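*Asks:* The structure is given below, and queries will be raised subsequently.
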Amino acid sequence: MVRAAALVSGDGYKLQAVLDAVYFQEIPDFELVAVLSPDKNTKAMKRAVSSGIPAFVVDPDLFPNITSHSMAIANKLRDMDIDLVILAGYRLDLGVIPYQYRNRIIGTRPCLIPAFEEVPDEEIFHAVLERGVKITGATAYFADNDGLVGSIILQKSIEVHPDDTPESLRSRVVEEGEWKLLPQAISLYCEGRLSHHGNRVLISPK
């Protein structure tokens, strides 16, 4: 059984995708043990509580810097015997956490990495439309040592429509891309089907 914890901020739409997958038993040998957030008042934390998942706040204002804050999170994860860390919309620097959870931190971004890799998530959909690209999408990845996008696990392409607005495009990328890729990537990890070969992640057949 893979014991996982989700790091969350904001509205928690990525967390909800994981919670739904847990509810429908779509991820084998998986247990979402806890949800951690820097703010107790986020919608993501409310989603966790309403789903019966233990939720913890690690307030960055109580620490002098990001290193000490991330160390507190890492210590909490270790105390709970966490095997896998899920980035479910977490917005803070991961600090030291990737060094303790190398190749065990999974997240998604609403773009086809490396395209728009340097653009903040909230600006990606404007950037896609301004650039006039025809295909965008979402990427599931392992975090690197800096907590950024490392090895790519899965990608999903999404067609950009001529009449798209940033809001309509965001809805499709989130719903058809990130919401599907995050549980799929977690499932592949729990099934032991992901292997690292340099910068590449290979998926073995069932």
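The values are calculated or read from the model by the stated rules, or taken from the named source; none is laboratory data. It should be emphasised that the depicted structure is a prediction, and the values quoted were computed from it without experimental measurement. So basically every Cβ, Gly included, is an ideal-geometry build from the backbone, and we count neighbours across all protein chains shown.
*Asks:* Determine if region 129-145 includes at least one residue that is among the hydrophobic types (A, V, I, L, M, F, W, C), touching a Cys at 6+ places or on another chain (Cβ under 8 Å), within 29 Å of Ile66 (Cβ to Cβ) and surrounded by 19 or more Cβ atoms within 10 Å (Cβ to Cβ). Talk me through it step by step, then tell me what you get.
*Replies:* Filtering region 129-145 down to residues among the hydrophobic types (A, V, I, L, M, F, W, C) leaves 129, 133, 135, 138, 140, 142-143.
Restricting the remaining residues to those that are touching a Cys at 6+ places or on another chain (Cβ under 8 Å) gives 138.
Keeping just the survivors that are within 29 Å of Ile66 (Cβ to Cβ) gives 138.
Narrowing further to those that are surrounded by 19 or more Cβ atoms within 10 Å (Cβ to Cβ): 138.
So far as region 129-145 goes, yes, one or more of its residues are among the hydrophobic types (A, V, I, L, M, F, W, C), touching a Cys at 6+ places or on another chain (Cβ under 8 Å), within 29 Å of Ile66 (Cβ to Cβ) and surrounded by 19 or more Cβ atoms within 10 Å (Cβ to Cβ).
*Asks:* (1) under 19 Å from Ser168 (Cβ atoms); (2) out of contact with any Pro (no Cβ under 8 Å at 6 or more places or on another chain): which one isn't true of Gly89, the others all being true?
*Replies:* For Gly89, the failing item is (1).
*Asks:* Next question. Does region 102-138 hold any residues that are of a type in the set (Val, Ile, Thr) and in contact with a strand residue (DSSP E or B) (Cβ under 6 Å, 6 or more places away or on another chain), and which are they?
*Replies:* From region 102-138, those of a type in the set (Val, Ile, Thr) are 105-106, 108, 113, 119, 124, 128, 133, 135-136; that's our starting set.
Matches in region 102-138: Ile105, Ile106, Thr108, Ile113, Val128, Ile135, Thr136.
*Asks:* In region 156-194, what residues are surrounded by fewer than 16 Cβ atoms within 10 Å (Cβ to Cβ) and either of a type in the set (S, T, N, Q) or under 21 Å from Ala5 (Cβ atoms) (or both)? Walk me through how you get there before you give the answer.
*Replies:* Just the residues of region 156-194 that are surrounded by fewer than 16 Cβ atoms within 10 Å (Cβ to Cβ), to begin with: 157, 159, 161-163, 165, 167-168, 171, 175, 192-193.
Of everything in region 156-194, those that are surrounded by fewer than 16 Cβ atoms within 10 Å (Cβ to Cβ) and either of a type in the set (S, T, N, Q) or under 21 Å from Ala5 (Cβ atoms) (or both) turn out to be Ser157, Thr165, Ser168, Ser171, Gly192.
*Asks:* Go through region 98-115 and count every residue that is over 21 Å from Ala21 (Cβ atoms) and either surrounded by 21 or more Cβ atoms within 10 Å (Cβ to Cβ) or touching a Gly at 6+ places or on another chain (Cβ under 6 Å) (or both).
*Replies:* Number of matching residues: 3.
*Asks:* Give the residues of region 160-193 that are without any contact (Cβ under 8 Å) to a residue 40 or more places away in the chain and small (Gly, Ala, Ser), sorted by residue number.
*Replies:* Ser168, Ser171, Gly192
*Asks:* Select, from Leu77, Leu7, the only residue that is surrounded by 18 or more Cβ atoms within 10 Å (Cβ to Cβ) and within 14 Å of the chain's Cα centre (by Cα). Give the steps one after another, and end with the answer.
*Replies:* Details: Leu77 fails: within 14 Å of the chain's Cα centre (by Cα).
Matching residue, one of Leu77, Leu7: Leu7.
*Asks:* Can you list the helices (runs of 4 or more DSSP H) lying wholly within region 45-149 that have 2 or more residues being among the small types (Gly, Ala, Ser) and under 21 Å from Val35 (Cβ atoms)? If you could, list the steps in order and put the result at the bottom.
*Replies:* On the way: elements: 66-79, 97-100, 121-131.
Where helices (runs of 4 or more DSSP H) fall fully within region 45-149 and carry at least 2 residues being among the small types (Gly, Ala, Ser) and under 21 Å from Val35 (Cβ atoms), they are 66-79.
*Asks:* Here's something else I'd like to know. Of the numbered conditions (1) within 21 Å of Asp11 (Cβ to Cβ); (2) among the charged types (D, E, K, R); (3) assigned to a loop (DSSP other than H, G, I, E, B), Lys180 satisfies every one except a single condition; which is it?
*Replies:* For Lys180, the exception is condition (3).
*Asks:* Determine, yes or no, whether Leu154 is modelled with pLDDT of 95 or more and either out of contact with any strand residue (DSSP E or B) (no Cβ under 9 Å at 6 or more places or on another chain) or part of a strand (DSSP E or B) (or both). Steps first, answer last, please.
*Replies:* Working: modelled with pLDDT of 95 or more: yes; either out of contact with any strand residue (DSSP E or B) (no Cβ under 9 Å at 6 or more places or on another chain) or part of a strand (DSSP E or B) (or both): yes.
Here the answer is yes, as Leu154 does meet what is asked.
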